[in-house]
Amino acid sequence: MQANRLVSPHIGQLELERFELPDELPPGSILAKAGVTMISAGTEVANYLGRTAERPPERTEPYYPGYSFAGEVVAVGAGVERFAPGDRITGPLPHASYAVEGRPERLERITHIPDGVDDRAAAFSQLSCIALNGVRKAGIKLGERVAVVGAGLVGLLAARLAQLEGGRPVVSFDLVAERRTKAIEFGMTAAIDSSSPDAQDQAAAIAPDGFDVVIEATGSASAFVPALELAGRGGRVILLGSTRGVVEGFSPYTDAHKKGLSIIGAHVWTAPTHATVMDKWTEPANRRVLLSLMAEGSFDVTKLVSHEVAPDQAGAAFAGLAAHPDQYLGVEIDWSRL
């Protein structure tokens, strides 16, 4: 049986290719049919452009993107007990019409989709896990003032989750007017133009002593120092965006030490791999909570979909995200349109 998947054969290129599925599933494996997959505007586009350690400019091997999948199990191999044909699932599977997965560490991260959550919403679960890991690192207490720098997809997901954790107020900062509008539509207290001459005055009117928590979600090195400046004395600054590059003009004494700031890295791999009595919030545990929030309607992520494309339009979507990221938010691939 043949299926289709996305591949980047060379840096800056992305295509849809045919590939062969195994005639018989290996023991311990599942075969899943895609409903919707979501493009990661951060990691996947950076790899597509050859800007990561995973795919540096000199690497010639093809890159197969995708880790935000929602679909249905169609077959299981010998020994599989947690999944059965017909189960709706979401998790880190690739951009492909069908995917085979048998690695135990990957299968552990795949979660059943509850009733009331469609594939469009469930495909957000992986990026939402990334956002929630950062929010959990912040340790937000009810009534703490939260600033989220960057109103892209991960920033908006983090902002809404910060509200659900008890952040009051939660304020978005972004350069792009459309994203600020979306932040207000998504329920943020305010959305401030970071480039405005009176941005600091607007921020001070909301948090006169600075914000208790600042979540940096742009991934831009140039946003690091401004994020520190928003934090009040003793504040926590969460580095959620996958910032690449060197920070210019950073004075540790002035920007962090003097105010007693805690600067916390929040890469998704900092989530625990196994639950402990001190921290039970593994990625699968976070995903289950997120899916339950979607089911109850308090985390309506489908508001953040800006583009729904067919698989053969994915190359144009990757190129658009690379060239004009401000014109995109949540980009989903509908595999039923193959």
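On a per residue basis, the chain carries 45 Å² of accessible surface, using protein heavy atoms and a 1.4 Å probe. For the chain, the relative contact order is 17 percent, taking Cα pairs closer than 8 Å that sit 6 or more residues apart in sequence and dividing their mean separation by the residue count.
Largest to smallest in accessible area, the residues E229, E178, E72, E283 fall in the order E178, E229, E72, E283 (1.4 Å probe, all protein chains included). Sequence-distant or interchain residues sharing an amide H contact under 5 Å with I113, placed H: which? Sorted by chain and number, the residues that satisfy this are R88, I89, T90.
Using the Karplus relation 6.51 cos²θ - 1.76 cosθ + 1.60 with θ = phi - 60°, the per-residue 3J(HN,Hα) values for the stretch 138-146 come to 6, x, 5, 9, 3, x, 6, 7, 10 Hz, with x marking Gly and Pro. Counting protein heavy atoms only, the stretch 91-144 has 52 percent of its accessible area on carbon and sulfur, 1.4 angstrom probe. The structure-derived value of Rg and Dmax of the Cα atoms in Å appears in the list [x] 23.4, 70; [y] 20.3, 65; [z] 25.4, 88 under the label [y]. Using 0.36 nm per residue and subtracting the Cα-Cα separation, the extra length available between K280 and E229 on full extension is 15.1 nm. Need one word for the stretch 293-335: rounded, prolate or oblate. Basis is the Cα gyration tensor (sqrt eigenvalues a ≥ b ≥ c); a/c below 1.5 gives rounded, then a/b vs b/c decides. In terms of gyration-tensor shape, oblate. Accessible surface ranking for S336, S125, 1.4 angstrom probe, highest first: S336, S125.
Using a ≥ b ≥ c from the Cα gyration tensor of the stretch 86-169 (square roots of the eigenvalues), is it rounded, prolate or oblate, where a/c under 1.5 gives rounded and otherwise the larger of a/b and b/c decides, a/b for prolate? Since a/c reaches 1.5 and a/b is larger than b/c, the shape of the stretch 86-169 is classed as prolate. Around the amide H of A147, modelled in the peptide plane, lie the amide H atoms of V171, V213, V214, I215, all under 5 Å away and 5 or more residues distant in sequence or on another chain. Shown for the stretch 223-290: the carbon plus sulfur share of the solvent-accessible area, taken with all protein chains present and a 1.4 angstrom probe, equals 60%.
Packing, taken as the mean count of other beta carbons within 10 Å per residue, orders the peptides 324-335, 164-175, 188-199 from highest to lowest as 164-175, 324-335, 188-199.
Our estimate of slack between T60 and A84, defined as 0.36 nm per intervening residue step minus the Cα-Cα distance, is 4.8 nm.
Using the Cβ-Cβ distance between E105 and D198 with R0 set to 35 Å, the FRET efficiency from 1/(1 + (r/R0)^6) comes to roughly 0.10. What does the C-alpha gyration tensor say about the overall shape of the stretch 121-267? Classify as rounded when a/c is under 1.5, otherwise prolate if a/b is larger than b/c, or oblate. Since a/c stays below 1.5, the shape of the stretch 121-267 is classed as rounded.
When the chain is treated as a Gaussian network with alpha carbon springs shorter than 10 Å, the biggest mean-square fluctuation among L25, L290, L304 belongs to L25. Karplus-based coupling profile of the stretch 233-238, in residue order and whole Hz: 4, x, x, 10, 10, 9, with θ = phi - 60° in 6.51 cos²θ - 1.76 cosθ + 1.60 and x standing for Gly or Pro.
Under a 5 Å amide H cut-off, with hydrogens placed 1.01 Å from N, R244 pairs with A221 among residues at least 5 apart or on other chains.
Calculated mean residue ellipticity at 222 nm for the chain: -7500 deg cm²/dmol, from DSSP H runs with n ≥ 4 weighted as -39500 (n - 2.57), summed, divided by the residue count and rounded to 500.
Partners of K280 within straight-line reach, counting aspartates and glutamates whose Cα lies under 20 Å from its Cα and excluding those fewer than 8 residues away in the same chain: E105, E108, E165. In order along the stretch 265-274, the Karplus-derived 3J(HN,Hα) couplings, from 6.51 cos²θ - 1.76 cosθ + 1.60 at θ = phi - 60°, round to x, 10, 4, 4, 6, 7, 5, x, 7, 9 Hz, and Gly and Pro are given as x. In summary, the lysines within cross-link reach of K182, defined as a Cα separation below 19 angstrom excluding same-chain residues under 8 places away, comprise K303. Full extension of the chain segment joining R18 with S306 gains 100.9 nm, where the gain is 0.36 nm per residue of separation less the Cα-Cα distance.
The values are calculated or read from the model by the stated rules, or taken from the named source; none is laboratory data. The structure presented is a predicted model; accordingly, all values stated were derived computationally and were not measured. Virtual Cβ from ideal backbone geometry, glycine too; neighbours counted across all protein chains shown. Ligands, DNA and RNA are excluded from the accessible area calculation, which covers all protein heavy atoms including side chains. Shrake-Rupley method; radii C 1.70, N 1.55, O 1.52, S 1.80 Å.
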